[in-house]
Amino acid sequence: MRRTLKYRILRVALGPGSQVLRWQLRHGLAPSAFALLETIGRRTGKPRPVCVGNGLDGDTFWVIAAHGDQADWVRNIQHDRRVRVLVNRRWRTGWAVILPDDDTAARSRQLPVQWDAAIGRAIATTPLTIRIDLVPVA
C-alpha cells in the first residue's frame with residue numbers, strides 16, 4: 001500500500017502528465033521550457049492535456065514523442081489532427097502532422113530546450129516527430 005501511495009504522489013508531482021506542472025502551465029508559473037499540448041480524445045472527444053517540451057519556432061511547434069505511436073496523445077492526433085498548445089502563457093490552435101520519416105535525433109538537437117531534448121533522446125524507444133502548424137498570431 002505504501003509503495004502504491006508513494007508511486008502515485010511521485011507520478012502526480014513529476015510524471016509526464018504531471019498534474020502539478022499542468023496547473024503551473026495554466027497559471028503562468030511553469031518554467032518556459034515546458035508547454036501544454038491538448039489533443040482531442042479519440043474515444044471520448046474530450047480535451048486531453050499532456051506536458052511537453054517547448055518546441056515553439058515561429059508559427060510551428062515541434063515535439064518528439066519518445067515512445068512514438070504508443071503514446072495516447074499521438075494516437076489521439078492520428079484520429080483528429082486538431083490541437084491546442086499553451087506556450088508562453090498563450091493558447092494557440094493548430095493542426096498536427098506526424099512525420100514518420102523525420103530524423104528525430106537531428107530534429108531534437110534543433111529544439112529550443114536542449115536539456116529536455118537530451119533526456120528525450122536518452123529514454124526514447126521509438127521516437128516520432130510531430131510538427132504542429134499553428135494559426136499565425138494576429
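The values are calculated or read from the model by the stated rules, or taken from the named source; none is laboratory data. These numbers were taken from a predicted model, which means no experiment stands behind them. Virtual Cβ from ideal backbone geometry, glycine too; neighbours counted across all protein chains shown. Heavy atoms of the whole protein, side chains included, go into the accessibility calculation; ligands, DNA and RNA do not. Shrake-Rupley method; radii C 1.70, N 1.55, O 1.52, S 1.80 Å.
Put a plus charge on the Cβ of each Lys and Arg, a minus charge on the Cβ of each Asp and Glu, and nothing anywhere else: the dipole of the stretch 64-138 about its Cα centre is then about 380 debye.
A cut-off of 5 Å between modelled amide H atoms, ignoring neighbours fewer than 5 places along the same chain, links residue 34 with 54. Taken over the alpha carbons of the stretch 58-138 as equal point scatterers, the Debye sum produces base-10 log I(q)/I(0) values at 0.11, 0.18, 0.22 Å⁻¹ of -0.28, -0.76, -1.10.
Could the peptides 60-70, 39-49, 78-88 be put in order, highest first, of the mean number of other beta-carbon atoms found within 10 Å of their residues?
Working: 60-70: 18.8, 39-49: 14.0, 78-88: 16.9.
The densest-packed peptide leads the list: 60-70, 78-88, 39-49.
The Cα-based radius of gyration and maximum Cα-Cα distance (Dmax) for the stretch 62-101 are 10.8, 32 Å.
What does the accessible area per residue of the stretch 21-115 come to in Å², with a 1.4 Å probe and no ligands, DNA or RNA counted?
On the way: 5310 Å² over 95 residues.
Normalised by residue count, the accessible surface of the stretch 21-115 is 56 Å².
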